[in-house]
Structures are given as C-alpha cells and as structure tokens.
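Peer 1: The following block contains the structure, expressed as structure tokens.
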There are 2 protein chains.
Amino acid sequence: MRNLIDVQRKLLPDLLNIMQKRYEILQHIRLMQPIGRRTLSTNLGISERVLRSEVQFLKEQNLLDITPTGMSLTAEGSDVLKQLEDMMREVLGLKELEKKIKNRLQLRDVIVVAGDSDQSPWVKKEMGRACVARIKELLEGNTIVAVTGGTTLAAVAEMMTPDSKYRDVLFVPARGGLGEDVKNQANTICARMAEKAMGRYRLLHVPDQLSHETYQSIIEEPAIKEVLDLIKASSIVIHGIGDAKTMAERRKTAPEEMEKIEKNRAVAEAFGYYFDQEGKVVHKVNTVGIQLEDVQKVKHVIAVAGGASKAKAIKAYMKQAHHSVLITDEGAAKELIRD
Amino acid sequence: MRNLIDVQRKLLPDLLNIMQKRYEILQHIRLMQPIGRRTLSTNLGISERVLRSEVQFLKEQNLLDITPTGMSLTAEGSDVLKQLEDMMREVLGLKELEKKIKNRLQLRDVIVVAGDSDQSPWVKKEMGRACVARIKELLEGNTIVAVTGGTTLAAVAEMMTPDSKYRDVLFVPARGGLGEDVKNQANTICARMAEKAMGRYRLLHVPDQLSHETYQSIIEEPAIKEVLDLIKASSIVIHGIGDAKTMAERRKTAPEEMEKIEKNRAVAEAFGYYFDQEGKVVHKVNTVGIQLEDVQKVKHVIAVAGGASKAKAIKAYMKQAHHSVLITDEGAAKELIRD
DNA sequence: CACATTTGGACTTTATTTGTCCCGCTGTGA
DNA sequence: TCACAGCGGGACAAATAAAGTCCAAATGTG
C-alpha cells in the first residue's frame with residue numbers, strides 16, 4: 001500500500017490534500033453529528049462555501065445524510081471513514097511530522113519529504129525539488145538568491161529547472177571559500193544552479209586561507225566588493241546544515257581550531273559557523289560574504305538538511321534560526337520529534 | 001491495496017480519472033519516445049493544450065524529459081510507470097470491462113459498478129446510484145420518465161435523490177400489472193422514485209388479469225388513456241432485466257404459458273416480454289402500457305441488471321436493444337465477456 | 001408561537017483551465 | 001551549407017469551474 005501512496009504522491013500530489021480535507025470533514029461530522037454547515041466550517045477553519053461543495057459531493061457519494069437538523073454520517077460513511085483512518089496515518093505521516101516539528105522548533109515553516117537521505121541518496125533530490133518549488137513561490141522581480149555549499153545544496157542545484165520567473169534572478173555564493181572540495185563549494189553550486197535555472201550569477205573568487213593584510217586589501221577590490229554588496233542585498237538565502245565534526249574533518253581544519261571545536265562541543269555547522277547544542281556560535285571560519293547577523297535580516301532563509309544522522313545538528317542550528325524555513329526528510333524528522 | 005483503491009473510488013472518483021490520463025500519457029511516451037506534443041495528442045485523442053498542461057506537470061514531477069527532439073521518460077518516470085502498471089489493472093478493471101462489453105454487445109453505453117449483487121445486496125444500490133446519476137445527465141425541461149418493476153428498479157428508486165432538475169419531470173409506470181408482488185410493481189416503484197426525487201407522478205391502475213372486453217373498454221377510459229399517452233410520450237425508459245424462469249415463477253404465470261416459455265427456451269425477461277437467447281420475443285404478458293416497438297423509439301433507454309446469475313439474460317435481451325445503455329455490476333460483466 | 005438553526009437557491013466575482021496563434025530553436029536530409 | 005519540418009513554449013482570449021455573498025424557506029426547540 002505504501003507503494004501505491006508513493007506513486008500517487010508523485011502522480012497526483014494534491015490528491016492527498018483533497019483526501020485529507022474530506023477525511024477531516026467526515027471525522028468532524030462523526031464527532032459532532034448532527035451538525036450544521038456554519039458550525040462545522042468554523043470548526044474546520046475552511047470557508048462555508050467550500051465546505052458546502054465538499055458536503056454536497058460527499059452526499060452524492062452517499063457518505064453522509066443531510067437533514068434540517070444537520071449533517072450526519074450514513075452507515076457507508078462510517079465504513080469508509082473507518083477504513084480511511086488506517087491509511088491516512090500513512091498518507092498523512094509527513095504532514096503531521098511537519099506540523100509537529102514546526103511547533104516544537106518554532107520555525108516559520110517545515111517541509112518533510114519521504115525517505116531518509118542517509119539510506120537512499122535520491123532523497124536528497126527530493127529535498128532539492130521541494131526546495132526549488134519553495135524558491136519559485138518566493139520569487140518576485142529581480143531577486144538575489146545566495147547559496148552555500150555542501151552535497152545537499154548540490155542536490156538542490158541539480159533539481160533546479162528553468163522558468164521564466166528566473167529572468168531577473170541573480171545567484172550568488174553566500175560566503176567565500178570554506179575549505180571544501182571544489183564540487184561542494186558555494187561557487188560551483190551557485191554557478192550550476194544558475195545554469196540550470198537559466199539565470200544569471202556572480203562568483204566570489206577569494207582564496208581559502210589568507211593573511212590578515214591580504215584579506216583586508218582583497219575585500220576592497222572593486223570586483224570583489226561589488227559581489228559582496230550583492231550578497232548582502234540578497235533576499236533569499238539557501239543553505240545546508242552539517243554535523244560539526246564531519247564538516248570540520250572534511251575541511252582542512254587546523255589542529256588548534258579542531259580542538260576548539262571539539263572542546264566547545266560544537267554539533268552543528270552552517271555558513272562556516274559552528275554551533276553547540278544550544279545554538280550558540282562556538283567557532284567561525286574566517287572568510288568574506290554573508291555573516292550570521294546578516295542572515296537574520298534576510299527575508300527568506302531556507303535550510304535544507306536531511307538524514308537521521310543530521311537530526312542533532314539540525315536541532316541545534318534551528319535553536320537560533322526561528323525565522324527560517326526547514327526542508328528535511330522523514331529520517332531526520334522522526335529523530336527530531338523523538339524526545 | 002484493493003481497499004485503498006475502493007475508498008479512493010468513493011472519496012475522489014475523478015482523481016482516478018486523472019491518474020488514468022497521466023498513466024496513459026506516460027505509457028504512450030514510453031512506447032513512442034522521443035515524441036512531440038502534436039503527434040502524441042492526436043494519438044491519445046486529447047487536445048494539444050491539455051496534453052501540454054499534463055506534460056508540464058509530469059515534467060515538474062521529474063517523470064519525463066523534454067528536449068527539442070521530443071519527450072521521453074526519465075529513469076524515475078520509468079519506475080513510476082512500472083509500478084503504476086500493476087495498480088492500474090485494478091483501478092481500471094471496471095472501465096476496461098465497460099469498454100469490452102460496449103464493443104462486444106454493440107451498446108450505446110455501459111456502466112459497470114464494483115461487486116456482484118448476487119453476493120452482496122448493497123451492490124444493487126450502487127447500480128441504483130449510477131443509474132440515478134445517468135438519469136440526471138439526460139434530464140432537460142419537462143421530461144417523462146417511464147419505469148418498470150423488479151427489485152433492481154426498487155433499488156434505483158431507493159437511491160434517487162431530489163434535485164431542482166426534477167421540477168418538471170413526470171414519472172410514470174411503463175406497463176400495467178404483470179403479476180408481481182406489490183412492492184416490486186411498476187406502480188409502487190414509480191411512486192417511490194417520484195417521491196424521492198420530489199417530482200410528480202401518475203399511476204396506471206389496471207388490474208392484472210382481464211377479459212378481452214373489459215380490457216378494450218378500460219383503455220378507453222379517459223383517466224387511463226391519458227396516462228397511456230404520457231407513457232408513449234416518455235423520453236426516458238428505465239427497466240430491469242430478469243431471468244425468464246425466475247420471473248415466470250415469481251409471477252402467477254398460468255401453466256400453459258409456463259410451458260410455452262419453457263418450450264421456446266426463453267432466457268430473458270423485460271417489460272413483460274420473454275426473450276430466447278437470440279433476443280427473439282417468445283412470449284408476452286398481455287397488459288397495457290409501452291410495447292416493445294415503442295421502446296425502440298424512445299430516446300433514452302436504460303437497462304439496469306446485475307449479478308453473475310443474470311449474465312445470460314442480459315446478453316440475450318441486449319441482442320435486440322443496441323441503442324440502450326446498460327448499467328450492470330462486476331459480477332455480471334465478467335460473465336458477459338467470458339467467452 | 002417566536003426564535004435560532006438548518007439547508008439550498010441565485011447571483012456575482014474570482015481563479016483556473018482550455019483554445020488559439022505564433023515565435024524561435026534544432027536536428028535532418030537534400 | 002541551407003531550408004524545412006517538427007519541436008517546445010510564450011502570450012492572450014474565451015470558456016468553464018470554484019468560491020464569495022446574500023437571502024428565503026423549512027424545521028426543531030424553548
């Protein structure tokens with residue numbers, strides 16, 4: 001059955017919404033029957049008119065009776081509802097997860113896709129697609145989109161599709177070099193995403209490790225400065241979240257910094273910042289680009305991260321990012337609400 | 001899985017149609033890839049514009065690639081299609097049955113509902129609902145609807161629902177007494193149906209067994225004659241089909257008539273007419289009302305009959321009723337296409 | 001008997017789908 | 001190399017469906 005639902009989720013994504021809506025209507029009617037339209041509509045939080053259409057439909061399907069006293073389920077309606085209950089648990093699993101996480105972590109919005117990216121790599125792509133869909137909702141006119149690096153963001157870039165909306169969109173890397181592999185660098189991903197979107201992009205060519213003097217002079221270079229200004233002006237930021245240890249190891253982190261990270265019990269990493277489990281910054285990679293205080297001023301911040309193994313990191317980072325949207329997967333989501 | 005599909009058939013009947021549409025699109029693309037919109041749309045028999053919307057959707061779901069050479073499935077699309085194939089066989093079962101029967105029996109239209117009314121009595125109600133839905137499609141202005149008797153027609157009456165469309169509809173019994181039980185008589189059912197529909201009705205009060213003289217004089221009675229004229233003017237006829245033997249036994253058929261029926265190998269009964277397996281009339285109950293030759297001139301004739309045991313009768317009757325619409329159930333349908 | 005609910009009809013407004021036409025691109029065969 | 005057929009996709013009008021709004025008739029309840 002899980003199979004069928006998954007296929008349907010692909011083939012008719014809004015089917016689930018409609019199914020859920022009708023399910024809730026039946027559920028409420030069973031609970032409060034006989035009940036009138038007005039009472040029910042306020043109870044369900046949907047407009048009376050749409051409830052009316054739905055109810056009319058359900059009546060035609062012989063699932064409910066409609067009398068001057070109010071509406072109530074027919075025997076058939078009870079049967080259907082009973083069967084529905086089982087399957088809705090599966091169908092709705094993800095939506096419920098989203099709600100729970102949104103409440104528990106106090107986030108602006110949460111999107112959970114099926115699967116666990118620790119186990120099945122294609123789940124990252126699903127998160128990517130969800131992210132792309134979300135971005136498209138946010139676009140208006142000449143938006144600047146800042147992106148970071150990481151394998152998850154690479155998946156987002158891979159799932160990007162061209163759209164006329166992107167005509168005036170500019171992609172920029174959020175921060176300079178953080179010591180990553182080329183294929184996971186913000187620059188690379190930024191370019192890839194822009195190409196896929198058929199949009200424009202600018203890159204930030206700043207070497208990884210710099211002395212203080214060189215650093216000061218390089219950020220005064222007009223070409224660099226221009227890009228940095230664009231980054232600060234971005235209205236959408238898309239970033240990944242990493243496990244602190246993994247990220248520190250993946251980057252060529254100096255031993256003394258490594259020690260600092262470990263000593264302060266950093267668990268999460270994002271933007272080159274390391275966070276402990278309370279969401280406090282305990283270390284920061286020194287590079288140009290957007291800073292954490294800038295991020296908090298950006299209109300739309302989207303964090304993309306999944307896999308059960310990343311749950312701790314996500315939880316820690318999100319403690320100081322309540323105005324972000326989180327896109328994650330079932331694996332991480334289940335861990336997030338475990339305790 | 002069958003469970004889920006059944007519930008969905010109830011809860012979102014048109015979503016399954018969309019699912020089918022998308023399934024067929026994917027199927028055709030796999031077969032003919034790479035293929036262009038225009039070619040594909042003529043092939044599928046849908047307008048190019050709606051195909052375009054569908055294709056765009058499928059592209060967004062990452063199920064197909066779209067290139068200047070044409071459209072082709074992605075790996076994901078192939079997977080989904082593969083999984084779909086299994087479940088569509090179940091989803092589409094009834095539709096395929098409908099098509100096959102329509103072609104094989106050369107009928108105007110066929111509707112098949114799930115189940116077998118021999119085994120589960122509620123299936124008759126399903127046929128009833130399907131019939132009612134069909135009737136509503138046909139109504140226009142002040143229509144006259146003629147109905148016969150029988151348990152199936154009783155179910156149709158039971159499933160009738162009021163509608164503003166019925167304001168100018170008049171229900172009449174198709175033929176006079178045929179020797180049935182009161183609750184299965186055309187008169188009873190006609191009245192019941194009209195009540196449920198909140199429509200008007202006229203009845204035909206003619207005793208069962210009449211001498212020739214009385215018969216001649218009674219049909220000249222103004223009150224009777226008026227109803228008979230209405231019956232002949234009806235534009236919709238709804239009737240059941242019975243097994244000849246069963247019907248003959250149920251009615252108080254005289255022994256010599258019984259013999260005639262058996263001798264001529266009657267298998268089907270409808271309207272008080274008995275048919276052999278070639279669809280030839282072999283006997284006829286003598287009563288007033290619509291006659292077989294009148295039926296053939298009526299605009300819309302709907303035959304409602306289900307249950308595996310009735311398949312033979314349905315087949316026989318339908319041999320001479322090609323312009324009818326048949327509403328039946330899965331049980332009968334499977335028998336109908338067996339050989 | 002009056003009141004508070006109920007459903008359901010009717011009409012307007014808004015959103016979505018579909019039809020229609022056309023443009024620019026690309027691979028193919030002359 | 002060039003022309004052409006077939007491709008996708010943009011743009012806008014027309015048709016259709018959904019939702020908002022208001023009101024009338026009916027019915028159970030105090």
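The values are calculated or read from the model by the stated rules, or taken from the named source; none is laboratory data. It should be emphasised that the depicted structure is a prediction, and the values quoted were computed from it without experimental measurement. Here the Cβ is made from the backbone with ideal geometry for all residues, glycine too, and neighbour counts use every protein chain on show. Ligands, DNA and RNA are stripped out before the accessible areas are found, and what is left, the full protein with its side chains, is counted by its heavy atoms. Shrake-Rupley method; radii C 1.70, N 1.55, O 1.52, S 1.80 Å.
Peer 1: Tell me, what is the FRET efficiency for B:SER120 and A:GLN119 to the nearest 0.05, using R0 = 41 angstrom and their Cβ-Cβ distance as r? Don't skip to the answer; put the middle values down first.
Peer 2: On the way: r = 43 Å, r/R0 = 1.06.
Rounded to the nearest 0.05, the efficiency is 0.40.
Peer 1: Would you kindly derive the ³J(HN,Hα) couplings of the range A:61-76 from the backbone phi angles with the Karplus curve 6.51 cos²θ - 1.76 cosθ + 1.60 (θ = phi - 60°), listing them in order in whole Hz, with x for Gly and Pro?
Peer 2: For the range A:61-76, the Karplus curve yields 7, 6, 9, 9, 9, 10, 10, x, 7, x, 9, 8, 6, 7, 4, 4 Hz.
Peer 1: Averaged per residue, what accessible surface does the protein assembly as shown expose to a 1.4 Å probe, in Å²?
Peer 2: Numbers: 31910 Å² over 678 residues.
Result: 47 Å² per residue.
Peer 1: Between A:GLU226 and B:LYS232, how many nm apart are label points set 7 Å from Cα along the C-beta direction?
Peer 2: According to this spin-label approximation, the distance is 9.3 nm.
Peer 1: Mind checking the dipole of the range B:93-337: about its Cα centre, +1 per Lys or Arg Cβ, -1 per Asp or Glu Cβ, Debye to the nearest 20?
Peer 2: Values: 37 positive and 34 negative charges, 139 e Å.
Here the size comes out at about 660 debye.
Peer 1: To one decimal in nm, how far is A:ARG200 from the same spot in the other copies, if labels go 7 Å from Cα toward Cβ? Please give the shortest first.
Peer 2: 7.4
Peer 1: Of A:ASP294, A:ASP118, which has the most accessible area and how do the rest follow, probe 1.4 Å? Mind showing how you got there, number by number?
Peer 2: On the way: A:ASP294 35, A:ASP118 80 Å².
These residues rank, largest area first, as A:ASP118, A:ASP294.
Peer 1: Name the lysines eligible as straight-distance cross-link partners of A:LYS95: C-alpha to C-alpha under 16 Å, and not fewer than 8 places from it in the same chain.
Peer 2: Straight-distance partners of A:LYS95: A:LYS10, A:LYS21, A:LYS334.
Peer 1: Once phi is turned into θ = phi - 60°, what whole-Hz ³J(HN,Hα) does the Karplus curve with 6.51, -1.76 and 1.60 give for every residue of the range B:331-337, x standing for Gly and Pro?
Peer 2: x, 5, 4, 5, 5, 4, 9
Peer 1: Between copies, how far apart are the B:GLN277 label points? List them in nm, one decimal, shortest first, with each point 7 Å from Cα toward Cβ, please?
Peer 2: 8.0
Peer 1: Which net charge results when you count Lys and Arg as +1 and Asp and Glu as -1 among the other residues whose beta-carbon is under 14 Å from that of B:ARG108?
Peer 2: Numbers: positive: B:LYS99, B:LYS102, B:ARG104, B:ARG134, B:LYS299; negative: B:GLU98, B:ASP109, B:GLU137.
Value of the local net charge: +2.
Peer 1: Compute the angle between helix A:122-138 and the longest alpha-carbon principal axis of chain A, please, reported from 0 to 90 degrees and rounded to the nearest 10.
Peer 2: 90 degrees
Peer 1: Let me ask something additional. Under 13 Å from a point placed 7 Å out from the Cα of A:ASN142 along the Cα-to-Cβ direction: which residues of the range A:164-178 have their backbone N that close?
Peer 2: So the set is A:167-171.
Peer 1: Can you give me the C-alpha center-to-center distance between the range A:27-104 and the range B:266-286, rounded to a whole angstrom?
Peer 2: 49 Å
Peer 1: I've got another one for you. Straight-line reach from B:LYS165: which lysines have a Cα under 19 Å away, not including same-chain ones fewer than 8 places off?
Peer 2: A:LYS59, B:LYS136, B:LYS196, B:LYS299
Peer 1: State whether the range B:93-337 is rounded, prolate or oblate according to the following rule on the C-alpha gyration tensor (a ≥ b ≥ c being the square roots of its eigenvalues): a/c under 1.5 gives rounded; otherwise a/b larger than b/c gives prolate, and the remaining case gives oblate.
Peer 2: On the way: a/c = 1.70, a/b = 1.12, b/c = 1.52.
Oblate is the answer for the range B:93-337, as a/c is 1.5 or above yet b/c matches or exceeds a/b.
Peer 1: I'd like the distance between the alpha-carbon centres of the range B:119-171 and the range B:291-310, rounded to an integer number of Å.
Peer 2: 14 Å
Peer 1: Just the number, please: percent antiparallel of the DSSP beta bridges in the protein assembly as shown, rounded to the nearest 5. Each step should come with its number before you reach the end.
Peer 2: Values: 30 of 76 bridges.
Antiparallel bridges: around 40 percent, rounded to the nearest 5.
Peer 1: Then there's this: Angle between the Cα long axis of helix B:222-232 and the longest principal axis of chain B, 0 to 90 degrees, nearest 10?
Peer 2: Roughly 30 degrees between the two axes.
Peer 1: At 7 Å along the Cα-to-beta-carbon direction for both A:HIS322 and A:LYS100, put a label point, then send me their distance in nm to one decimal.
Peer 2: The modelled label-to-label distance comes out at 2.2 nm.
Peer 1: Given H placed on each backbone N at 1.01 Å, which residues far from B:ILE111 in sequence or on other chains put an amide H within less than 5 Å of it?
Peer 2: B:LEU326, B:ILE327, B:THR328
Peer 1: Taking the Cβ of B:MET160 as the center, what net charge do the other residues with Cβ under 15 Å away carry, scoring Lys and Arg +1 and Asp and Glu -1? Before the final figure, lay out the partial values.
Peer 2: Values: positive: A:LYS59, B:LYS124, B:LYS125, B:ARG129, B:ARG134, B:LYS136, B:LYS165, B:ARG167, B:ARG192, B:LYS196, B:ARG200; negative: A:GLU60, A:ASP65, B:GLU126, B:GLU137, B:GLU158, B:ASP163, B:GLU195.
Value of the local net charge: +4.
Peer 1: Partner chain Cβ atoms within 10 Å, averaged over the residues of A:11-22 - can you pull that number for me?
Peer 2: Values: counts 15, 8, 3, 2, 7, 2, 0, 4, 5, 0, 0, 3.
That average works out to 4.
Peer 1: Okay, next question. What are the radius of gyration and Dmax of the range B:1-90, computed over its Cα atoms and given in Å?
Peer 2: Rg and Dmax of the range B:1-90, Cα atoms, are 13.5, 42 Å.
Peer 1: 7 Å along Cα→Cβ for the label point: how many nanometres lie between A:ASN3 and each equivalent label in the other copies, listed shortest first?
Peer 2: Listed shortest first, these distances are 1.6 nm.
Peer 1: Ok, one more. Can you list the residues, at least 5 places off or on another chain, whose amide H is less than 5 Å from the amide H of A:VAL237, using H built in the peptide plane?
Peer 2: So A:VAL237 has HN proximity to A:ALA146, A:HIS300, A:VAL301, A:ILE302.
Peer 1: Now for a different question. Would you grab the residues whose amide H sits under 5 Å from the one on A:ASP65? Only those 5+ places off in sequence or on another chain, please, with H modelled 1.01 Å from N.
Peer 2: Residues meeting the criterion, in which the H sits 1.01 Å from N, are A:SER72, A:LEU73, A:THR74.
Peer 1: Oh, and also: Based on the Cβ-Cβ distance from B:ARG9 to A:SER164, what FRET efficiency comes out when R0 is 30 Å, to the nearest 0.05?
Peer 2: Numbers: r = 38 Å, r/R0 = 1.28.
Using R0 = 30 Å, I get an efficiency of 0.20.
Peer 1: Which value in deg cm²/dmol, rounded to the nearest 500, describes the helix-derived mean residue ellipticity at 222 nm for chain A, given -39,500 (n - 2.57) per DSSP H run of n ≥ 4 and division by the residue count? Before the final figure, lay out the partial values.
Peer 2: Details: 15 runs with 173 residues, N = 339.
Result for chain A: -15500 deg cm²/dmol, rounded to the nearest 500.
Peer 1: Explain nothing, just compute: Karplus ³J(HN,Hα) = 6.51 cos²θ - 1.76 cosθ + 1.60, θ = phi - 60°, for every residue of the range A:19-30 in order, whole Hz, x for Gly and Pro.
Peer 2: 4, 4, 4, 5, 4, 5, 4, 4, 4, 5, 5, 4
Peer 1: Which FRET efficiency value, to the nearest 0.05, do you get for A:SER211 and A:LYS21 by plugging their Cβ-Cβ distance into 1/(1 + (r/R0)^6) with R0 = 45 Å? Write out the running numbers ahead of the final one.
Peer 2: Details: r = 61 Å, r/R0 = 1.36.
FRET efficiency, A:SER211 to A:LYS21: 0.15.
Peer 1: Nearest 10 degrees, 0 to 90: what angle lies between the long axis of helix A:2-11 and the longest principal axis of chain A (Cα atoms)?
Peer 2: Roughly 70 degrees between the two axes.
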